[in-house]
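The values are calculated or read from the model by the stated rules, or taken from the named source; none is laboratory data. Computed from a predicted structure; not experimentally measured. Cβ atoms come from the backbone with ideal geometry, glycine included; neighbour counts cover every protein chain shown.
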Amino acid sequence: MQRCIISPEAESFEAHIFCDASQYGISAAVYLRQTLKTGEYLVNLLLAKARVTAIEKTTIPKLELAAVSIGASLIPFIKKELPIELTRIILWTDSSCTVGWLASTAKFGRYIDNRLSHIRERATIVKHVRTDENPADLGSRGCHFPELAANKKWWHGPGFLQLPEEKWPLEAVKAVEINHNPYIDSIMEENVEQHTVSVTTAAQESKLLVPKIEIDATRFSKWIKLIMSVSSILFFIQKIYKNASSSFLKSFMKIKYESRNSPGMITVAENFVIRQLQQKYPPTANLKRSLMLTVDENDILVCNHRIPSERGLGLIWLPDCLELNLLIIHIHEKLFHSGPRETLNELRSRFWICQGKRTVMKAINKQCQHCKLLKLKPYQMPAMPALPTERIQAFAPFLHTGLDYAGPFMIKQGAENVKCWLILFTCLSTRAIHLETVTGLDSYNFILAFDRFVARRGRPNLVISDNQTTLKAASKLLVPCWQNKENDLLEYIAKEQFTWKFITEKAPWMGGFYERLIGLTKSALSHAIGKRILTFQEFQTVAVRCEAVVNLRPLTPVDAEYKPNDPSQIALRPVDFLLPHAPAVGHVVMIEEENIINNTWKLGIIQELMPSKDNEIRSAKVKTPNGHILTRALCQLYPLELSLADPTSIKQQQADLNKDNVI
């Protein structure tokens with residue numbers, strides 16, 4: 001195929017598309033015909049397309065029609081890709097049946113009608129050619145490459161294309177010329193032409209042009225504003241112009257309207273807008289045929305159905321466009337933002353739109369700001385992350401603490417009732433709680449409560465709380481406060497600054513680990529107090545007892561069946577971490593010695609717990625400061641409440657020893 005097809009001496013260009021079909025395949029070949037300055041014609045193959053026929057048997061006339069349909073599909077492509085202006089594009093076929101179908105207005109079935117509609121929308125001229133002069137015959141029947149390379153008709157088209165048109169062979173079948181959009185040419189002429197009218201004034205007589213009214217829906221936010229604007233323009237035209245050649249203006253000026261807001265003027269403006277939309281977005285031939293569209297007395301397309309609308313006539317057809325969205329939103333707001341079904345039902349009392357449910361839902365979801373605000377959804381949160389180290393690893397109680405306020409609660413203070421609050425401290429690892437009662441939400445009361453908590457539970461390394469104003473102010477005061485302590489007990493603590501973290505504002509679920517315990521505490525207080533109003537001391541006492549009750553809750557599942565010698569029979573509780581009574585590996589103890597004062601006994605560290613035959617621990621191996629390992633009974637070991645390792649219950653250690661002894 002030649003790379004340089006367009007000649008610099010060409011004056012005009014034509015495209016000729018030849019189509020053919022056989023029982024093996026269908027093809028279409030496009031040829032560019034150039035008229036040179038010398039009067040000669042240059043014809044070259046531009047592109048070709050072929051397809052294999054389907055396995056199911058189809059008649060040859062239908063295959064010929066499919067070939068012409070492929071040729072019609074190439075018309076928009078060559079118009080877009082060629083950098084030249086084509087004076088005309090002609091479709092050629094050797095099927096007289098296809099030409100006859102295109103010339104007829106009858107219906108031939110869905111398969112044929114769909115392809116005829118496809119061809120009519122794209123082609124303008126369809127002509128008949130003899131089979132021996134059709135180069136697409138090679139593409140439909142197939143041939144070997146040497147034969148194709150030497151075939152002049154394939155590369156340069158039939159010989160008559162290189163002759164003037166008056167010397168072309170006579171056609172066996174009359175050509176079909178397709179006229180596009182006849183509806184617009186017949187009833188919408190007033191917007192194509194400009195009408196001249198005469199206006200006489202006291203000073204002079206002048207010729208004026210009636211302006212062409214073009215609707216730009218992007219400048220209007222509501223349908224009623226669009227109609228009122230058009231109504232104002234038409235009312236102005238009626239006042240200014242005396243004569244008009246337009247059929248619309250003639251009928252419009254016969255009636256004198258009092259104002260632009262009169263019902264008659266609004267109806268005229270609405271009909272004018274609908275007529276403009278139908279002209280701007282005309283229906284296809286298939287749509288006009290399926291909906292049986294006809295023109296009413298107002299030059300408006302209506303559906304000629306057997307069931308009339310409330311108007312007594314057919315439903316007005318409206319195209320899918322931006323102006324239609326304004327009308328849908330207008331009806332939607334008129335029905336107080338009802339759903340798509342109610343809006344579509346009201347719309348179809350006067351109008352008909354294709355794919356009504358989808359169109360109405362799309363307009364409401366995208367255009368109705370009121371409904372969009374009511375249906376807004378937040379950003380989707382990512383998946384829950386893994387629990388932090390402070391929650392899943394063993395640490396000393398309250399080393400990592402979360403805190404929050406609970407209340408207010410009413411208490412007696414003399415003859416008056418005042419409010420008080422509870423500050424809940426919870427350990428992230430042991431899930432134990434500590435309650436402090438305060439009479440105010442100021443930073444001073446909080447710091448005193450925090451001081452009491454640290455004195456009893458130890459200073460935490462991490463504190464997590466919400467964004468309450470009191471807590472934010474206290475976090476700025478507490479860190480310098482601890483640095484100024486001078487007593488020996490807090491000397492080491494003062495060197496380390498604890499971290500205070502705040503959860504995201506307005507996101508209480510991020511503090512769920514203490515919010516859940518606040519719920520348990522409030523439930524216990526509600527059952528303990530009821531409707532009574534206590535004094536401050538009474539309330540403080542009840543709060544401490546509720547703290548003990550919450551710390552007695554089981555952290556592990558409780559088995560309903562009794563299983564002797566099963567260490568999991570006893571559930572683990574937060575109080576077991578706060579008040580450990582069982583000896584454990586790593587505990588620092590004093591070793592009892594005979595005839596020696598107890599304050600001079602040796603210290604030791606429990607290295608191993610030794611179970612007896614009944615799996616009860618009665619002895620332990622203790623390491624002394626000089627490195628010796630001593631075996632002593634538990635009654636000879638005195639715990640100092642210090643630990644060099646994480647405490648482990650005696651039952652759990654028994655279970656571990658039992659597993660190790662299994663053979």
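What number of residues in region 1-60 are among the polar types (S, T, N, Q) and touching a residue at least 40 places away in the same chain (Cβ under 8 Å)? Adding up the residues that qualify gives 6.
Inspect region 94-104 for any residue being outside any helix (DSSP H, G or I) and either touching a His at 6+ places or on another chain (Cβ under 9 Å) or at pLDDT 90 or above (or both) and give the result as yes or no. Yes.
On the basis of being over 60 Å from the mean Cα position of the chain (by Cα) and either at pLDDT 85 or above or surrounded by fewer than 10 Cβ atoms within 10 Å (Cβ to Cβ) (or both), does Glu641 make the cut? Against the criterion (over 60 Å from the mean Cα position of the chain (by Cα) and either at pLDDT 85 or above or surrounded by fewer than 10 Cβ atoms within 10 Å (Cβ to Cβ) (or both)), Glu641 does not qualify.
When Leu138, Leu86, Leu91, Leu74 are checked against the criterion of being touching a strand residue (DSSP E or B) at 6+ places or on another chain (Cβ under 9 Å) and assigned to a loop (DSSP other than H, G, I, E, B), a single residue qualifies: Leu86.
Tell me, please, whether a residue that is in a strand (DSSP E or B) and closer than 17 Å to Ala175 by Cβ can be found in region 32-46. Yes, region 32-46 contains a residue that is in a strand (DSSP E or B) and closer than 17 Å to Ala175 by Cβ.
Being at pLDDT 85 or above, within 27 Å of Pro388 (Cβ to Cβ) and either part of a helix (DSSP H, G or I) or in contact with a Ser or Thr (Cβ under 9 Å, 6 or more places away or on another chain) (or both) narrows it down to one residue among Ile518, Ile493; which is it?
So the residue among Ile518, Ile493 that is at pLDDT 85 or above, within 27 Å of Pro388 (Cβ to Cβ) and either part of a helix (DSSP H, G or I) or in contact with a Ser or Thr (Cβ under 9 Å, 6 or more places away or on another chain) (or both) is Ile518.
Per the listing Phe395, Phe446, the residue uniquely outside the structural domain of Gln537 (by TED's automatic domain parsing) and at pLDDT below 85 is Phe395. Checking each residue in region 605-627 for being over 12 Å from Ile591 (Cβ atoms), touching a residue at least 24 places away in the same chain (Cβ under 8 Å), part of a strand (DSSP E or B) and not β-branched (Val, Ile, Thr) picks out Leu609, Pro611. Considering region 13-68, and only residues there that are of a type in the set (Ser, Thr, Tyr) and touching a Gly at 6+ places or on another chain (Cβ under 9 Å), the residue that is surrounded by the fewest Cβ atoms within 10 Å (Cβ to Cβ) turns out to be Tyr24. Residue count for region 142-180, restricted to those that are among the polar types (S, T, N, Q) and loosely packed, with under 12 Cβ neighbours inside 10 Å: 1.
Only one residue in Lys357, Lys362, Lys372, Lys334 is of a type in the set (D, E, K, R), farther than 30 Å from Leu441 by Cβ and surrounded by 15 or more Cβ atoms within 10 Å (Cβ to Cβ). Which one?
Details: Lys357 fails: surrounded by 15 or more Cβ atoms within 10 Å (Cβ to Cβ); Lys372 fails: surrounded by 15 or more Cβ atoms within 10 Å (Cβ to Cβ); Lys334 fails: surrounded by 15 or more Cβ atoms within 10 Å (Cβ to Cβ).
After ruling out the rest, the residue left standing is Lys362.
State which residue is modelled with the highest pLDDT when the search covers only region 166-184 and only residues that are hydrophobic (A, V, I, L, M, F, W, C) and either touching a strand residue (DSSP E or B) at 6+ places or on another chain (Cβ under 8 Å) or closer than 19 Å to Ala123 by Cβ (or both). Filtering region 166-184 for residues that are hydrophobic (A, V, I, L, M, F, W, C) and either touching a strand residue (DSSP E or B) at 6+ places or on another chain (Cβ under 8 Å) or closer than 19 Å to Ala123 by Cβ (or both), the one modelled with the highest pLDDT comes out as Trp168. For region 262-296, a tally of residues being in contact with a strand residue (DSSP E or B) (Cβ under 7 Å, 6 or more places away or on another chain), under 22 Å from Ile119 (Cα atoms) and in a helix (DSSP H, G or I) returns 1.
Considered as a group, the residues in region 395-430 that are of a type in the set (Gly, Ala, Ser) and assigned to a loop (DSSP other than H, G, I, E, B) include one that is surrounded by the fewest Cβ atoms within 10 Å (Cβ to Cβ), and that residue is Ala415. Residue-level check: of (1) closer than 28 Å to Arg459 by Cβ; (2) under 27 Å from the mean Cα position of the chain (by Cα); (3) charged (D, E, K, R), Lys366 misses just (1).
Being in contact with a Leu (Cβ under 7 Å, 6 or more places away or on another chain) and modelled with pLDDT of 85 or more is a property that Val52 lacks. Kindly establish whether Thr389 is under 30 Å from Leu435 (Cα atoms) and not assigned by TED's automatic domain parsing to the domain that holds Ser443. The answer is yes for Thr389.
Give Ile307, Ile233 a once-over and let me know the one that is aliphatic (A, V, I, L, M) and either outside any loop (DSSP other than H, G, I, E, B) or at pLDDT 80 or above (or both). Going through Ile307, Ile233 in turn, just one is aliphatic (A, V, I, L, M) and either outside any loop (DSSP other than H, G, I, E, B) or at pLDDT 80 or above (or both): Ile233.
Met361: among the hydrophobic types (A, V, I, L, M, F, W, C), without any contact (Cβ under 8 Å) to a residue 12 or more places away in the chain and not assigned by TED's automatic domain parsing to the domain that holds Phe539, yes or no? Give the steps one after another, and end with the answer.
Working: among the hydrophobic types (A, V, I, L, M, F, W, C): yes; without any contact (Cβ under 8 Å) to a residue 12 or more places away in the chain: no; not assigned by TED's automatic domain parsing to the domain that holds Phe539: yes.
Judged against the criteria, Met361 is not a match.
Figure legend. Inter-residue proximity from region 132-143: first residues modelled with pLDDT of 85 or more, second residues surrounded by 23 or more Cβ atoms within 10 Å (Cβ to Cβ) and assigned to a loop (DSSP other than H, G, I, E, B), beta-carbon distance below 8 Å, spacing 6+ or different chains. Indicated pairs: Asn134/Asp94; Pro135/Gly157; Asp137/Asp94. Any chance region 275-291 includes a residue that's modelled with pLDDT under 80 and surrounded by 13 or more Cβ atoms within 10 Å (Cβ to Cβ)? No, every residue in region 275-291 fails to be modelled with pLDDT under 80 and surrounded by 13 or more Cβ atoms within 10 Å (Cβ to Cβ). Checked against the criteria, Ile596 does not count as at pLDDT 80 or above and assigned to a strand (DSSP E or B). Quick one: in region 431-443, of everything that is surrounded by 16 or more Cβ atoms within 10 Å (Cβ to Cβ) and of a type outside the set (Ser, Thr, Tyr), which residue is modelled with the lowest pLDDT? Looking at the filtered set, the residue picked out is Leu441. Every listed requirement among (1) in contact with a Ser or Thr (Cβ under 6 Å, 6 or more places away or on another chain); (2) under 19 Å from His118 (Cα atoms); (3) without any contact (Cβ under 8 Å) to a residue 40 or more places away in the chain; (4) of a type outside the set (A, V, I, L, M) is met by Glu64 save one, (3).
Entry remark, region 356-375: residues being among the small types (Gly, Ala, Ser) and at pLDDT below 85 number 0 in total.
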